[in-house]
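Inspection log for the structure reproduced underneath, given as structure tokens.
The values are calculated or read from the model by the stated rules, or taken from the named source; none is laboratory data. Please read all numbers here as calculations on a predicted model, not as lab measurements. When we count neighbours, we look across all protein chains shown, and the Cβ atoms used for this are built from the backbone with ideal geometry, even at glycine. Ligands, DNA and RNA are stripped out before the accessible areas are found, and what is left, the full protein with its side chains, is counted by its heavy atoms. Shrake-Rupley method; radii C 1.70, N 1.55, O 1.52, S 1.80 Å.
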Amino acid sequence: MAVYTDITEDDLSSFLTAYDAGTLLSYKGIAEGVENSNFLLHTTKGPFILTLYEKRVDRNDLPFFLGLMHHLAERGLSCPLPLPRKDGALLGELSGRPAAMISFLEGMWLRKPAARHCREVGIALAKMHLAAEGFEIRRENALSVAGWRPLWEKSAARADEVEAGLQKEIGQELHYLEAHWPGNLPEGVIHADLFPDNVFFIGDDLSGLIDFYFACNDYLAYDVAICLNAWCFEKDGSYNLTKGMALLTGYESVRPLSDDEAAALPLLARGSAMRFFLTRLYDWLMTPAGALVVKKDPLEYLRKLRFHRAVENPVEYGLSR
Ligand SMILES: Nc1ncnc2c1ncn2[C@@H]1O[C@H](COP(=O)(O)OP(=O)(O)O)[C@@H](O)[C@H]1O
Ligand SMILES: N[C@@H](CCOP(=O)(O)O)C(=O)O
């Protein structure tokens, strides 16, 4: 459960007086998510999400995240919107944390997505990439190739506690990725964390995207690779080609990949697996026992990384060329 900061009813009611959001009827902590503390509020004006931004979110990045949601929503993408306060500000402060009121998005995330849902995700991702064009704030990706080694160095000494031989294997893999990372692919704003828990569906229809708190400027195809990792593997670790094909066909129906992007896909998928392996490994080793958060298994991403290492041609992901 990701509620790192507790709030009191009194503090919350007084926080709400800065908004035109009605009177508080009820609130509760949300038992999902990893980064921030989220609460579901019901007021006389309806449901809202209250987000308290925690330590790993840099306060200076908040204008990028909140501004991006505005930019995307204005261009027709279904995503939550920060509610302005009466003074026009998008951010307030609650229990010592920067806090925002976010519109409630209807829908649920899918525990067992099928190929038809992967297609919808591919379409939505490409639409997001196009809708983000013209967004004027930039945010570098702190979790791209240059960020992996510093992160690894925090866990390396203890990595073999998780699996014997990991320290050597990841050390070699990092060298490979640093030496071969592509240098010149089309860039734009990427979501960077479009996992199933960040995509809502109503029935089979995609109702919207949430959680833009890793969004940044990077290769657009890297975002595709993140989605292949997050959506197209089965619980037993196998890659589902039908899902991969559906996701890629969906994406390319809106924004075709260039030949260079297609060729780079195995490397980008390998790097994306490294990125999620490293953050999960760090959390696995460093999160104190008893913290109100569900730790995610780093070994799931190690298995994906090994799969991508063996891929020789992007057609193995389901690309039609
Ligand atoms: N705008 C929203 N509308 C409806 N539910 C939301 C919204 N934002 C977050 N949630 C709920 O809160 C959970 C955690 O949100 P998320 O943004 O993924 O947190 P974190 O940034 O901590 O990972 C989501 O899985 C969802 O259930
Ligand atoms: N998606 C990441 C962790 C971040 O979780 P989120 O709840 O913020 O989407 C992972 O699976 O490692």
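So which strands (runs of 3 or more DSSP E) are wholly in segment 1-101 and hold at least 3 residues that are closer than 30 Å to Asn141 by Cβ and of a type outside the set (S, T, N, Q)?
By residue number, 46-52, 92-94.
Given the conditions (1) surrounded by fewer than 15 Cβ atoms within 10 Å (Cβ to Cβ); (2) closer than 30 Å to Glu106 by Cβ; (3) within 16 Å of ligand 2 (Cβ to nearest atom), and given that Gly237 satisfies all but one, which numbered condition is not satisfied?
Every listed condition holds for Gly237 apart from (2).
Is there a residue being open to solvent by less than 30 Å² (accessible area, probe 1.4 Å) and β-branched (Val, Ile, Thr) anywhere in segment 201-214?
No, every residue in segment 201-214 fails to be open to solvent by less than 30 Å² (accessible area, probe 1.4 Å) and β-branched (Val, Ile, Thr).
Give me a count of the residues in segment 276-304 that are of a type outside the set (S, T, N, Q), farther than 30 Å from Asp205 by Cβ, part of a helix (DSSP H, G or I) and in contact (Cβ under 8 Å) with a residue 40 or more places away in the chain.
Restricting attention to segment 276-304, the residues satisfying the condition of being of a type outside the set (S, T, N, Q) are 276-278, 280-286, 288-304.
Still in the list and also farther than 30 Å from Asp205 by Cβ: 277-278, 280-286, 288-293, 295, 297-299, 302-303.
Subsequent filtering for residues that are part of a helix (DSSP H, G or I) retains 277-278, 280-286, 298-299, 302-303.
Applying the additional criterion that residues be in contact (Cβ under 8 Å) with a residue 40 or more places away in the chain yields 277-278, 281-286, 298-299, 302-303.
Counting residues in segment 276-304 that are of a type outside the set (S, T, N, Q), farther than 30 Å from Asp205 by Cβ, part of a helix (DSSP H, G or I) and in contact (Cβ under 8 Å) with a residue 40 or more places away in the chain gives 12.
Which residues, counting only those in segment 277-308, are loosely packed, with under 15 Cβ neighbours inside 10 Å and over 18 Å from Glu32 (Cβ atoms)?
Those that are loosely packed, with under 15 Cβ neighbours inside 10 Å and over 18 Å from Glu32 (Cβ atoms): Met286, Pro288, Ala289, Gly290, Arg306.
Within 11 Å of ligand 1 (Cβ to nearest atom) and open to solvent by 20 Å² or more (accessible area, probe 1.4 Å), is that true of Ser78?
Values: within 11 Å of ligand 1 (Cβ to nearest atom): yes; open to solvent by 20 Å² or more (accessible area, probe 1.4 Å): yes.
The answer is yes for Ser78.
Within the group Ala179, Ala164, which residue is more than 16 Å from ligand 1 (Cβ to nearest atom), out of contact with any helix residue (DSSP H, G or I) (no Cβ under 9 Å at 6 or more places or on another chain) and part of a helix (DSSP H, G or I)?
Working: Ala164 fails: part of a helix (DSSP H, G or I).
Result of the check over Ala179, Ala164: Ala179.
Right, Arg139: under 20 Å from the mean Cα position of the chain (by Cα), basic (Lys, Arg), open to solvent by 10 Å² or more (accessible area, probe 1.4 Å) and modelled with pLDDT of 95 or more or not?
The answer is yes for Arg139.
Return the residues of segment 98-119 that are open to solvent by 60 Å² or more (accessible area, probe 1.4 Å) and in contact (Cβ under 8 Å) with a residue 12 or more places away in the chain; say none if nothing qualifies. If you could, list the steps in order and put the result at the bottom.
Taking segment 98-119 and keeping what is open to solvent by 60 Å² or more (accessible area, probe 1.4 Å), we get 104, 106, 108-109, 111-112, 116, 119.
Correct list: Phe104, Glu106, Met108, Trp109, Arg111, Arg116, Arg119.
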